[in-house]
Amino acid sequence: MSFNEKIRKYVLKEYVAEPDHNKEKFFVNFPYPYINGYLHIGHLFTALKADIIARFMRLRGKNVLLAQGFHATGQPIAAAAERIKEGEPKQIEMLKKMGVKEIEKFKDAKYWVEFFSKAAKEDLMAIGYSADWRRSFITTELNPPYDAFVKWQYNKLYERGFIYKGKHPVVYCPKCKHALGDHDRSEGEGIVPEEVSLIKFELEPKVYLMAMTFRPETTWGVTNLWINKEAVYKVYKVGDEKWILSKEGVESLKNQGIKGKEIAKIKGEELLEKEVKNLINGKKVKIYHGDFVDISKGTGIVMSVPAHAPYDYAALLDLKREGKGQEIELISLISLQGYGDFPAKEIVEKAGVKSSKEKEVLDALTKEIYKKEFHEGRLKSIFGKELEGLKVSEAKQKIIDILERKGIRVKYYILPEKVVCRCLTPAIVKVLEDQWFIKYSDKEWKNKVKEHIKEMKFYPENLRSVFLDAVDWLGDWAFTRDRGLGTRFPKDPSKLIESLSDSTIYMAYYTIAKYLENAEKYNIDVKKLNDKFFDYIFLGKGDIKNIALELGISEELLKEMKEEFEYWYDKGFEIRVSGKDLIKNHLTMMLFHHLAIFGKEKSPKGIAVNGYVMVEGEKMSKSKGNFYTIRDAIERFGIEEIRALAAYAGDVGLDDANYELSAAKSITQRMEWFAKVVNEYYKKGEKIREIRQEDAWALKELSRIVFKVGEYYENLMTKSAFQVAFFEIHNLIKRYLRRSVGRVNQSVMDELLKVATILISPILPHFAEYVWKEVMKEKGCVDDLEFPEYEIEDKSEIEEFEEYLEDLLKDIREIIKIVKVRPKKITIIIAEPWKYKMYELIKGAGTRNIKDLISLMKQQDFFKGREKEVIGLINKIIKLKEYEYLSKDSEILKLYEAKKYIEKEFNANLEITENHEKSNKALPFKPAIVVE
RNA sequence: GCAGGGGUCGCCAAGCCUGGUCAACGGCGCUGGCCUUAGGAGCCAGUCCCUUAGUGGGUUCGUGGGUUCAAAUCCCACCCCCUGCACCA
């Protein structure tokens, strides 16, 4: 049986969490993973942060609640099931690769959820995730009590005025008739609708040409309009106004919810050289043809601002060449350092562009000028006092407001790049009319969240400011969807609550999931669960008698549930551990919702965040071959190895973590080594009464390690904890073994081994359990022990001497290297007393100034007769290590005690002397060394 | 573009907040020695450059400046990389 199989047998106990008022509670959780496949080692990395602190806190005597649900809300599972139904080969292949049989069953989304939630639970159990599994659950309508819980939450938010209905632009497939997420697209990933402006130019009263622009500020500098004379324009009647724009433009307006009627067509030609009025300043400008006007984009009507737009200036050159547009004069709007009044003119001339047909150059110039003017340009006086001097970037919103107030501007969305649906239909922008929002923009709400953040604990601390930023940044959230799995929004049951929005306060659900997820056992009819129930449990509202009667749940049970919630959720949960990708959405939303529903008293106490997970320095991906599910990883590396690698992959924090799979082997070897040492030495050392230098030192080192490891665990710094609780402590044990030269002090060694076992148990619980029971033959579980506590003593002679000894050994090795012989005899020559006197004097002198030190030495008895030597030594002694407690006497005494050790290290005889021909080389606490 | 994070001795990676004890923890890899029939494992030592019967010197922590007696660590500028930007869980 391999070592791994041996320790794997040590199945750990079941971790049930029950309220216990004699113990302090500790509630830690990890976001429920989305279960459209097996969990992978990225999930594991974060999950183990939770498991490790849970285990640590148990050792610290806390009553720990760790529970785990699974997430099925949203589209991926529903869409995947749909694709299986359609027989899509890719999707079927994916399932096959996962080793799944009975593909047929996966036509049903429900089966996906059942199958993978079960698998996820198995995997977490296998890896030793110490959750109370009675509290596990899945989301969506598939789980009625959870469904009722989410509905309750949204009713509360609605009642409290945090929900409203509004419009929302989305990328949309006109054929499939739904919004396109990234996964629904065959082209144009990451593209979102961009808001631009349509500016009205008056042809006749109530008849307008609708020019599209990215730069509304240039409205002030329009010299003419460009249209395409070949194109056919439409007249779209909106209210009592008639808007002239391209056919495509009209289509877009319809999709964007601007209702009207197409009443006529106009050929581009017919508009040529007509005059329109610029409504911002009353100026009349003419309409001209521009070759570059692309009818398929925008409205087919473009404002001409030749002073600031390279295209417009180039087109103006074309126009003038034809003898037209002589009346046009450039209007300067923006001052830009390094340019004159007309940046576009300058840059076009400099580039040698002669015509608007030179598309590529003009595109580049446009981009350049736009960028510069937007960020550095300042508005000139033409904009009036209110705006003058502002940067364009600062003024943009104000300008939009002014234009809207005057009724000149219409909000319009475009796609900055082409987006194509999976069905190969080009996407459009659609403004959804009946979209529900959560009002995260609410100032008062934001402030409450920010106040709370100031009092929370963050792991690591620098997250606090990140969260404060996130709260400021978060805007209103469209939380309803038409497709997928989830809970229906009670106020509009045709809509589903999307996945981030149904995950905000479910940690509270864990506290009573024990009952609701085992309803038969408690005789609860989950279909009857309603808002009154949750109001009572979570908010203490309502009349318990009536509720008991209505739901058919006994008053006692209701009280018990409520108490359980109150116990675990007292002052909120202690820690939620998550990946950093959830900071700006899920975690921040979680805080908002807690403050809104439960209030400050029951809002989260702590948040821990970790970075992205890499494997062997690369992003984990199936195509790179470094993708491991938890079950693969267990098979391949072993349970404890993969736990160790996960813990060692990184500390909590924003830095990315990295699995170093190549280290797995050495972890196995270390575990085997440790088991071997325990077997050899545990309770088998020599019973030595006195505490020798090496014993005292080892114990001091041990207490230092215990302290550090405790700190690390407490702060979820699993990497650092593992390094110390595994590698460092092993090195200590190794050194102690050598240092004590065959005379191991049993009480010391037993302590070292026992503590090492306990310290590593949160990370390697199976291994610790194996060592404890099987190798040490101890009773009980490691879990039930206490995390050791030591008094931290100040530094003393003990450590100083060990440092000294290590330096000495290093120096001896150095000499041996130089001499290139195998030494038979090593002589250590201690410096003469007067040198020690010098050392003490210099140490206490409070100065390092050579002149001062020389005059100090001149006053000493020993100075006479060795003047040169003393002065020469000052420089050397200054550079020596400063020992605070070590004295010459104890140096010699302890050296004699360590004689055997040194002799063994070098396999040579050792002599310690104060009289030797080479004693001139000896320095205080840095003896001369002679090897022969 | 905006926001956040980061660039450390072959690789991974500590340290930077709270300047000195930092040539810079630790792991991996590599080299040599011990052990072993051999390999593996284990153990020990080494792993920026130079020098040495002596325990020393030099040059390093993206680049360039600055502050300081003293900087990987503080300040400024620049270069490069990664991530998020909302309907995606």
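The values are calculated or read from the model by the stated rules, or taken from the named source; none is laboratory data. Just so it is clear, the structure is predicted and the values come from calculations on it, not from any experiment. Cβ atoms come from the backbone with ideal geometry, glycine included; neighbour counts cover every protein chain shown. Heavy atoms of the whole protein, side chains included, go into the accessibility calculation; ligands, DNA and RNA do not. Shrake-Rupley method; radii C 1.70, N 1.55, O 1.52, S 1.80 Å.
The combined condition, being modelled with pLDDT under 95 and in contact with a strand residue (DSSP E or B) (Cβ under 7 Å, 6 or more places away or on another chain), is not fulfilled by A:ILE553. Answer yes or no: is there a residue in the range A:424-441 that is of a type in the set (D, E, K, R), in contact with a strand residue (DSSP E or B) (Cβ under 6 Å, 6 or more places away or on another chain), open to solvent by less than 80 Å² (accessible area, probe 1.4 Å) and over 30 Å from A:ARG160 (Cβ atoms). For the range A:424-441, residues of a type in the set (D, E, K, R), in contact with a strand residue (DSSP E or B) (Cβ under 6 Å, 6 or more places away or on another chain), open to solvent by less than 80 Å² (accessible area, probe 1.4 Å) and over 30 Å from A:ARG160 (Cβ atoms): present.
Sort through A:LYS175, A:LYS118 and tell me the only one that's within 16 Å of RNA strand B (Cβ to nearest atom) and open to solvent by 10 Å² or more (accessible area, probe 1.4 Å).
Values: A:LYS118 fails: within 16 Å of RNA strand B (Cβ to nearest atom).
The unique qualifying residue is A:LYS175.
Just checking, which of A:TYR32, A:TYR10, A:TYR15, A:TYR38 is assigned to a loop (DSSP other than H, G, I, E, B), touching a His at 6+ places or on another chain (Cβ under 7 Å) and modelled with pLDDT of 90 or more?
Only one candidate passes the filter, namely A:TYR32.
Screening A:ILE402 against (1) within 22 Å of A:ALA211 (Cβ to Cβ); (2) touching a residue at least 40 places away in the same chain (Cβ under 8 Å); (3) β-branched (Val, Ile, Thr) leaves a single unmet condition, (2). Annotation note: of A:GLY325, A:GLY389, A:GLY352, the sole residue that is at positive phi and buried (at least 19 other Cβ atoms within 10 Å of the Cβ) is A:GLY325. Only a single item in (1) crowded, with 18+ Cβ neighbours inside 10 Å; (2) closer than 30 Å to A:LEU463 by Cβ is not met by A:LYS514, and it is number (2). Within the range A:179-216, how many residues are more than 8 Å from RNA strand B (Cβ to nearest atom), in contact with a strand residue (DSSP E or B) (Cβ under 9 Å, 6 or more places away or on another chain) and either in a strand (DSSP E or B) or open to solvent by 50 Å² or more (accessible area, probe 1.4 Å) (or both)? Residues meeting the conditions: 23. Which members of the range A:539-564 meet the condition of being more than 20 Å from A:ILE597 (Cβ to Cβ) and assigned to a helix (DSSP H, G or I)? If the condition is that a residue be more than 20 Å from A:ILE597 (Cβ to Cβ) and assigned to a helix (DSSP H, G or I), then A:ILE544, A:LYS545, A:ASN546, A:ALA548, A:LEU549, A:GLU550, A:LEU551, A:GLU555, A:GLU556, A:LEU557, A:LYS559, A:GLU560 are the ones that fit. Restricting A:SER578, A:SER621 to residues that are open to solvent by less than 40 Å² (accessible area, probe 1.4 Å), closer than 25 Å to A:ALA644 by Cβ, within 16 Å of RNA strand B (Cβ to nearest atom) and out of contact with any strand residue (DSSP E or B) (no Cβ under 8 Å at 6 or more places or on another chain) narrows the list to A:SER621.
Give, as residue ranges, the helices (runs of 4 or more DSSP H) completely inside the range A:478-538 that count at least 1 residues that are among the β-branched types (Val, Ile, Thr).
Working: elements: A:507-516, A:519-522, A:531-534.
In the range A:478-538, A:507-516 are the helices (runs of 4 or more DSSP H) which contain 1 or more residues that are among the β-branched types (Val, Ile, Thr).
Those helices (runs of 4 or more DSSP H) of the range A:746-854 in which at least 1 residues are among the small types (Gly, Ala, Ser) and buried (at least 21 other Cβ atoms within 10 Å of the Cβ), considering only elements entirely within it, cover A:746-760, A:765-770.
Scan the range A:442-467 for residues that are at pLDDT 85 or above, open to solvent by 70 Å² or more (accessible area, probe 1.4 Å) and either under 14 Å from A:HIS178 (Cα atoms) or not basic (Lys, Arg) (or both) and report the count. If you could, list the steps in order and put the result at the bottom.
Step one: list which residues in the range A:442-467 are at pLDDT 85 or above, which gives A:442-459, A:467.
Filter again for open to solvent by 70 Å² or more (accessible area, probe 1.4 Å), leaving A:443-444, A:447-448, A:451, A:454-455, A:457.
Subsequent filtering for residues that are either under 14 Å from A:HIS178 (Cα atoms) or not basic (Lys, Arg) (or both) retains A:444, A:447, A:451, A:455.
Total satisfying the criteria: 4.
Taking the listed residues A:ARG321, A:ARG378, A:ARG405, the one that is modelled with pLDDT under 85 and farther than 29 Å from A:ASP182 by Cα is A:ARG378, with no other qualifying. A search for C-beta distances below 6 Å between a residue of the range A:696-717 that is at positive phi and any residue that is open to solvent by less than 10 Å² (accessible area, probe 1.4 Å), counting only pairs 6+ apart in sequence or on different chains, returns A:LEU716/A:LYS49; A:LEU716/A:ILE53; A:LEU716/A:ALA608.
Within the set A:LEU124, A:LEU142, A:LEU157, the sole residue that is outside any loop (DSSP other than H, G, I, E, B) and surrounded by fewer than 22 Cβ atoms within 10 Å (Cβ to Cβ) turns out to be A:LEU157.
Applying the criterion of at least 1 residues that are within 30 Å of A:PHE534 (Cα to Cα) to the helices (runs of 4 or more DSSP H) found wholly in the range A:565-661 leaves A:588-597. When A:ASP434, A:ASP401 are checked against the criterion of being in a helix (DSSP H, G or I), over 32 Å from the mean Cα position of the chain (by Cα) and among the charged types (D, E, K, R), a single residue qualifies: A:ASP401. Would you say A:LYS683 is in contact with a strand residue (DSSP E or B) (Cβ under 9 Å, 6 or more places away or on another chain), more than 10 Å from RNA strand B (Cβ to nearest atom) and modelled with pLDDT of 85 or more? It is false that A:LYS683 is in contact with a strand residue (DSSP E or B) (Cβ under 9 Å, 6 or more places away or on another chain), more than 10 Å from RNA strand B (Cβ to nearest atom) and modelled with pLDDT of 85 or more.
Could you grab me the full set of residues in the range A:628-675 that are within 14 Å of RNA strand B (Cβ to nearest atom), of a type in the set (Asp, Glu) and either surrounded by 22 or more Cβ atoms within 10 Å (Cβ to Cβ) or farther than 28 Å from A:GLU711 by Cβ (or both)? Break it down into steps so the answer makes sense when it comes.
Taking the range A:628-675 as the starting set, the residues that turn out to be within 14 Å of RNA strand B (Cβ to nearest atom) are A:637, A:641, A:644-675.
Now narrow it down to the ones that are of a type in the set (Asp, Glu): A:641, A:651, A:655-656, A:660, A:672.
Across the range A:628-675, the qualifying residues are A:GLU641, A:ASP651, A:GLU672.
Summed over the range A:468-490, residues that are more than 6 Å from RNA strand B (Cβ to nearest atom), open to solvent by 60 Å² or more (accessible area, probe 1.4 Å) and under 14 Å from A:VAL449 (Cβ atoms) total 2.
One line per residue, one yes/no per condition, for (1) in contact with a Cys (Cβ under 6 Å, 6 or more places away or on another chain); (2) at pLDDT below 80; (3) of a type in the set (Val, Ile, Thr):
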position	(1), (2), (3)
A:TYR339	no, no, no
A:LYS345	no, no, no
A:VAL353	no, no, yes
A:GLU358	no, no, no
A:THR366	no, no, yes
A:LYS372	no, yes, no
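Yes or no: the range A:439-459 includes at least one residue that is among the basic types (Lys, Arg), within 16 Å of RNA strand B (Cβ to nearest atom) and farther than 30 Å from A:ASN715 by Cβ. Checking the range A:439-459: at least one residue is among the basic types (Lys, Arg), within 16 Å of RNA strand B (Cβ to nearest atom) and farther than 30 Å from A:ASN715 by Cβ. Tally up the residues in the range A:62-92 that are open to solvent by 40 Å² or more (accessible area, probe 1.4 Å) and in contact (Cβ under 8 Å) with a residue 40 or more places away in the chain, please. Of the residues in the range A:62-92, 2 are open to solvent by 40 Å² or more (accessible area, probe 1.4 Å) and in contact (Cβ under 8 Å) with a residue 40 or more places away in the chain. Taking first residues from the range A:645-664 that are farther than 26 Å from A:VAL466 by Cα and partners that are near RNA strand B (Cβ under 6 Å from one of its atoms) and not in a loop (DSSP other than H, G, I, E, B), the Cβ contacts under 7 Å between residues at least 6 apart in sequence or on separate chains come to A:LEU645/A:ALA663. Residue-level analysis places A:LYS398 among those that are out of contact with any Phe, Trp or Tyr (no Cβ under 9 Å at 6 or more places or on another chain), of a type outside the set (Ser, Thr, Tyr) and under 30 Å from A:GLU202 (Cβ atoms). Going through the range A:528-559 one residue at a time, which ones are crowded, with 17+ Cβ neighbours inside 10 Å, in contact (Cβ under 8 Å) with a residue 40 or more places away in the chain and closer than 13 Å to A:ILE512 by Cβ? Within the range A:528-559, A:LEU529, A:PHE533, A:PHE534, A:PHE538 meet the criteria.
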